[in-house]
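The next block holds one structure in the form of structure tokens; read it before the comments.
The values are calculated or read from the model by the stated rules, or taken from the named source; none is laboratory data. Only a predicted model underlies this, so the values are computations on that prediction, with no experimental measurement involved. We place every Cβ from the backbone using ideal geometry, glycine too, and count neighbours over all the protein chains shown. Keep in mind that these areas ignore ligands, DNA and RNA; they rest on the heavy atoms of the full protein, side chains included. Shrake-Rupley method; radii C 1.70, N 1.55, O 1.52, S 1.80 Å.
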Amino acid sequence: MSEKAGRKIDKGKKALAQKDFAAAGALFEEAVTLDEKAHAGWFGLGEVALAIGQPDTALQFLEEAVRLNPDMPRYLQRLGEVYGREKRAEEGIRLLSAARRKSPKDINILASLSGVYVAAGKWLEAYEVLQELVRHPHPQAAHFCLLGLAAQSVGEVDAALTAFTRATRMEPRYPDAWLSLGHLHLNKDRLAETEECLEHLFILAPQQASTLQLAGELEMARANWSKAASLFGIAVEKNPGSNLLQARLALALTLGGDAVGAVDAMTRANEMGVPEDWILEQLGYLFVKRYNLNAAQENLEMSLERNPDNLNALNSLFVVYSKQGKSALAKETAEKILQKNPEHISALVNMGSWCNDQARGMEAIEYYRRALELAPESSTAYSNYLWTILHSSEHDAAEVLQVARAYDEHICRKHRRPDDFADRDRDPERRLKIGWLTSDMRQHPVAAFVVPFLRFLDRRQLEVVLYHNSALEDDNTRLAKMSVDKWREVQAIGDDALADLVRADGIDILIDLNGNTEGHRLLAMARKPAPIQATWLGFPGTSGLSAMDYIFIPPDPVLEKGTWCTETPWPLADCYGVRTNIPNVPIQPGLPCERSGRPFTFACLNNFRKASQHAIRLWSEILTRAPESRLILVARGGQDETLKAYVESQFARHGVAPEQLDIRGIVPMQAYFNSYNEADLCLDPFPFNGGTTGYDAIWMGVPFVTWPGDALVSRMGRIILKNVGLDELIAETPEAYVDIAVALHQDRPRLKAMRTNLRERMRASPLMDAPRMARSLEQAFRGMWQRWVDVYVKK
């Protein structure tokens with residue numbers, strides 16, 4: 001570069017620093033006119049163009065500077081930043097990565113790279129860069145704040161908490177850090193910690209609408225409606241154009257009973273485009289999420305008073321009525337939606353669910369089929385359809401397989417990514433990364449079977465990562481968190497982002513614990529983000545996914561044939577699952593029929609939806625051959641007279657009087673376990689056996705009779721009985737199922753002998769041996785990995 005051009009550039013830099021953009025631009029232009037290879041002049045012109053809001057012109061100048069001097073990290077950084085802003089993220093990442101290699105200790109380059117990764121939606125990469133950035137000397141509080149946001153986006157909530165906290169300690173007067181930390185605490189229902197953050201915010205930024213909004217949300221969480229309304233009202237004054245704040249104000253005033261104020265706020269919200277019925281609908285939905293069903297019902301009904309055509313409110317009200325056990329009202333609500341819109345997919349699915357809860361499987365299936373005719377790509381309709389035909393004695397394993405394959409063909413298969421994992425270390429003996437994907441690591445049967453063995457998995461062989469697709473948290477969640485190496489909360493990210501996250505985490509074997517049940521992420525698994533994928537526990541049947549390699553099963557020669565599933569069955573060593581945390585409810589001694597003076601009592605404490613038509617026929621035959629006996633049944637809404645009448649009618653067709661049926665609703669846990677103290681003998685439903693309830697029955701000292709079918713769903717009872725030495729209760733035919741139950745009704749001494757020490761036998765069995773299950777899984781994972789490595793080598 002000529003000396004004269006250099007002097008012009010030096011003067012241009014001074015003018016730029018003084019924000020005299022016209023003078024700076026003229027000086028840089030003179031420099032490149034004197035010497036067209038003066039890369040610093042071109043770079044200066046780019047900086048001026050950016051400063052005056054001309055990014056397209058800036059790109060041309062910066063590209064020329066990089067062309068002339070591609071080894072200058074500052075040039076690469078600046079051009080990479082602009083590419084990121086102009087939605088050319090991949091080019092930006094390439095340039096910033098090059099700048100990083102040339103100047104690895106420059107934290108400004110790392111900050112820029114993380115920003116472009118965020119623009120590209122690559123949160124995990126941004127997170128990794130920010131982790132490196134804060135390890136450098138003298139990171140800033142803003143860097144930790146960014147790190148916290150990235151950690152939240154990849155499900156690392158605990159890491160986000162650490163980062164935001166670090167930011168507040170480094171710079172106690174940094175409002176954004178306190179705001180981010182406060183929202184994180186509030187999302188986790190940590191109200192005292194949220195209040196502490198607000199104390200700082202009211203010192204640093206007391207007039208900011210964001211501060212007031214967080215304070216209002218805290219008071220909403222505390223049910224301090226009037227105080228929340230006051231805070232939202234002030235926030236609205238600070239940001240009068242926010243219809244969200246106006247809507248939150250209206251909700252708070254409604255809850256606080258300020259009718260005049262609520263009407264005024266709703267009117268303003270409505271003028272800003274927020275319908276009043278929508279506000280009440282959202283309020284109802286909020287209460288549904290908090291399981292305050294009575295408040296949810298009240299608000300949703302008010303929403304419908306204002307707008308009877310609000311189908312979303314009707315749909316939410318159906319959910320409320322269903323959870324309350326108000327069967328007739330739930331049905332009426334779904335029918336109202338279908339009267340207004342016969343093609344409403346959610347209403348069709350809801351009517352199917354209503355029918356399924358009442359064991360009206362064939363009617364349910366017709367609703368699901370109609371939904372799929374209208375919306376062939378409705379994952380919810382397919383999931384419910386599959387769930388229902390698993391319960392049906394009128395559909396065999398081949399039909400379940402057909403529907404599961406259709407689900408893959410119409411919805412899942414198109415998402416499969418072409419990835420051969422060529423970058424994966426194929427050492428057959430190395431430590432493996434195991435991912436568990438579930439929405440049910442809480443008070444739920446899946447958690448009951450998983451939490452016991454997690455802490456026993458050999459960390460020398462396995463690294464354990466759990467992806468939790470739920471915001472709900474309880475003692476089971478906290479115990480699971482302590483039992484894994486890494487915990488990611490993924491309910492807020494989409495299927496592509498989740499698949500990206502699993503891939504970037506380097507998971508070798510990904511285990512789906514939902515199957516086609518509520519909260520599943522099968523569409524993320526359909527993208528095949530891990531070399532090996534398997535399904536287990538949540539859904540006792542095939543996923544249908546071509547991207548799913550294996551399905552765990554108990555040791556069973558019928559299941560090992562695999563004619564019932566699209567996956568390759570992988571038998572575990574002893575049983576299908578292990579439980580160690582069953583409530584220690586005392587067992588009352590003797591047979592209930594002898595100690596209470598009541599008739600001999602059969603029981604099926606599964607939800608009545610498992611009562612297939614064939615099961616009802618066989619149970620009716622048992623009751624007919626033992627006419628003085630009774631049968632306890634449990635149904636959601638069991639106290640609803642319409643439902644009770646329907647259940648009784650199903651048995652009446654086979655000659656059973658209503659007096660022989662004891663129909664109950666869903667009860668709390670303690671009452672549920674005490675119900676076993678009323679049962680002399682349990683009857684396992686089919687084709688959908690009791691899984692959790694099978695364990696519960698044995699734990700409470702009550703044997704059950706089972707009739708295995710030809711698929712996993714109908715062979716779970718068999719393995720439970722085999723593990724406690726009750727093979728004689730496994731019927732080979734439907735006739736034998738009835739004969740065994742009737743014979744035990746008549747042979748009380750034999751039944752007593754079976755019940756003796758049953759809990760102790762269960763304790764000593766593999767059914768409650770968590771370390772043994774851990775060893776079985778370790779062997780399975782190593783076997784799967786070895787098979788994958790062998791296949792790759794052959795290629």
Quick one: 3J(HN,Hα) in Hz for the range 668-677, Karplus 6.51/-1.76/1.60 with θ = phi - 60°, rounded, Gly and Pro as x.
x, 4, 4, 5, 4, 5, 5, 4, 5, 6
Residue by residue through the range 354-369, the couplings from Karplus 6.51 cos²θ - 1.76 cosθ + 1.60 with θ = phi - 60°, in Hz, x for Gly and Pro, are 4, 4, 5, 4, 9, 6, 9, x, 5, 5, 4, 4, 5, 5, 5, 5
Please work out which option in [x] 0.98; [y] 1.05; [z] 1.18 gives Rg/Rh (Cα atoms, Kirkwood Rh) calculated from these coordinates, and answer with its label.
[y]
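At 222 nm, what value in deg cm²/dmol follows for the chain if DSSP H runs of at least 4 each add -39500 (n - 2.57) and the sum is divided by all its residues, to the nearest 500?
-18000 deg cm²/dmol
Taking Cα pairs under 8 Å and at least six residues apart, what relative contact order does the range 128-235 come out at, in percent?
Numbers: 132 pairs, mean separation 18.2, N = 108.
The normalised contact order for the range 128-235 reaches 17 percent.
Expected output is a single nm value to one decimal: the length gained when fully extending between residue 173 and residue 471, i.e. 0.36 nm times separation in residues minus the C-alpha distance. What is it? Mind dumping the intermediate values first?
Details: separation 298, 0.36 × 298 = 107.28 nm, distance 3.04 nm.
Value of the extension gain: 104.2 nm.
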Gained length - residue 659 relative to residue 563, 0.36 nm times residue gap less alpha-carbon distance
30.3 nm
Interchain or sequence-distant (5+) residues whose placed amide H lies within less than 5 Å of the amide H of residue 462 are 432
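Defining a contact as two alpha carbons under 8 Å apart and six or more residues distant in sequence, what relative contact order in percent does the range 308-376 show?
Working: 66 pairs, mean separation 17.1, N = 69.
Relative contact order here is 25 percent.
DSSP loop GluC sites (Glu not before Pro) in the range 473-544 with at most 14 other Cβ atoms within 10 Å of their Cβ, which ones?
On the way: sites: 473, 489, 518; in loops: 473, 518.
Sparse-neighbourhood loop GluC sites (Glu not before Pro): 518.
Quick check on the range 427-546: take the gyration tensor over C-alpha atoms, sort the square-rooted eigenvalues as a ≥ b ≥ c, and tell me if it's rounded (a/c under 1.5), prolate or oblate.
Numbers: a/c = 1.37, a/b = 1.02, b/c = 1.34.
The shape class here is rounded.
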Per-residue HN-Hα couplings for the range 190-207, Karplus 6.51 cos²θ - 1.76 cosθ + 1.60 at θ = phi - 60°, whole Hz, x for Gly and Pro?
9, 6, 4, 5, 4, 4, 4, 4, 5, 4, 5, 5, 6, 8, 7, 9, x, 9
Sort the range 295-346 into rounded, prolate or oblate with this rule: let a ≥ b ≥ c be the square roots of the eigenvalues of the Cα gyration tensor; rounded if a/c is under 1.5, and if a/c is not under 1.5, prolate when a/b is larger than b/c, oblate otherwise.
oblate
Rounded tilt (10° steps) of 259-271 against the dominant C-alpha axis of the chain
60 degrees
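Using the Cα centre as the reference, give the magnitude of the dipole from point charges on the C-beta atoms of the chain (Lys, Arg: +1; Asp, Glu: -1; all else neutral), rounded to the nearest 20 debye.
Working: 93 positive and 104 negative charges, 352 e Å.
Using Cβ point charges on Lys, Arg, Asp and Glu, the chain gives about 1680 debye.
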Give the residues of the range 46-81 whose amide nitrogen is closer than 13 Å to a point set 7 Å from the Cα of residue 87 in the direction of its Cβ.
none
Once both labels are modelled 7 Å past Cα along the beta-carbon direction, what's the residue 140-residue 394 spacing in nm?
6.8 nm
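Just in the range 497-590: which trypsin sites (Lys or Arg not before Pro) are loop by DSSP and have at most 11 other Cβ atoms within 10 Å? It would help to have the intermediate numbers written out before the result.
Details: sites: 503, 521, 527, 561, 579; in loops: 521, 527, 561, 579.
Answer in residue order: 561.
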In nm, what is the difference between 0.36 nm times the number of residues separating residue 36 and residue 237 and their Cα-Cα distance?
66.8 nm
Can you give me the C-alpha center-to-center distance between the range 353-422 and the range 575-654, rounded to a whole angstrom?
29 Å
Across all Cα atoms of the range 751-795, Rg and the largest Cα-Cα distance (Dmax), in Å, are 18.7, 60
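Based on the mean of other Cβ atoms within 10 Å per residue, sort peptides 105-112, 723-730 so the most packed one is first.
Numbers: 105-112: 19.1, 723-730: 17.4.
The most tightly packed comes first, giving 105-112, 723-730.
Counting other Cβ atoms within 10 Å, which trypsin sites (Lys or Arg not before Pro) in the range 467-500 have at most 13 and lie in a DSSP loop? Could you put the intermediate results ahead of the total?
Details: sites: 478, 481, 486, 488; in loops: none.
Here no trypsin sites (Lys or Arg not before Pro) fit, given the DSSP loop and packing criteria.
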For the range 603-684, evaluate the Debye formula with one uniform point scatterer on each Cα (no solvent term) and list log10 I(q)/I(0) at q = 0.21 Å⁻¹, rounded to two decimals.
-0.98
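For the chain, what is the relative contact order in percent, using Cα pairs closer than 8 Å and at least 6 residues apart in sequence? List each step's numbers first, then the result.
On the way: 1403 pairs, mean separation 59.1, N = 795.
Once normalised by length, the contact order is 7 percent.
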Which whole-number value in Å² is the accessible area per residue of the range 439-523, probe 1.4 Å?
35 Å²
I need the calculated FRET efficiency for the pair residue 402 and residue 746, taking r as the beta carbon distance and R₀ as 35 Å, to the nearest 0.05.
0.25
Expressed in nanometres to one decimal, the distance between label points 7 Å along Cα→Cβ at residue 671 and residue 373 is 4.2 nm
Taking the Cα atoms only, what angle lies between the long axis of helix 327-340 and the longest principal axis of the chain, rounded to 10 degrees?
50 degrees
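Using the heavy atoms of the protein chains and a 1.4 angstrom probe, tell me the accessible area per residue for the range 561-618 in square angstrom.
Numbers: 2260 Å² over 58 residues.
For the range 561-618, the per-residue accessible area is 39 Å².
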Using a Förster distance of 60 Å, the FRET efficiency for residue 94-residue 588 (Cβ separation, nearest 0.05)
0.25
The helix 21-34 Cα axis meets the longest alpha-carbon principal axis of the chain at an angle in degrees, between 0 and 90 and rounded to 10, of 70 degrees
Inter-part gap, Cα centre of the range 676-729 to Cα centre of the range 738-757, in whole angstrom, is 14 Å
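With all protein chains present, how much of the accessible area of the chain (probe radius 1.4 Å) comes from carbon and sulfur, to the nearest whole percent? Could you put the intermediate results ahead of the total?
Working: 16520 of 33170 Å².
Ligands and nucleic acids excluded, carbon and sulfur give 50 percent.
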Rounded to the nearest Å, what's the spacing between the alpha carbon centres of the range 300-350 and the range 526-560? Just the number, please.
35 Å
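Apply 1/(1 + (r/R0)^6) to the Cβ-Cβ distance of residue 4 and residue 52, taking R0 = 35 Å, and write down the FRET efficiency to the nearest 0.05. The partial results should precede the final answer.
Details: r = 26 Å, r/R0 = 0.74.
For R0 = 35 Å, the calculated efficiency reads 0.85.
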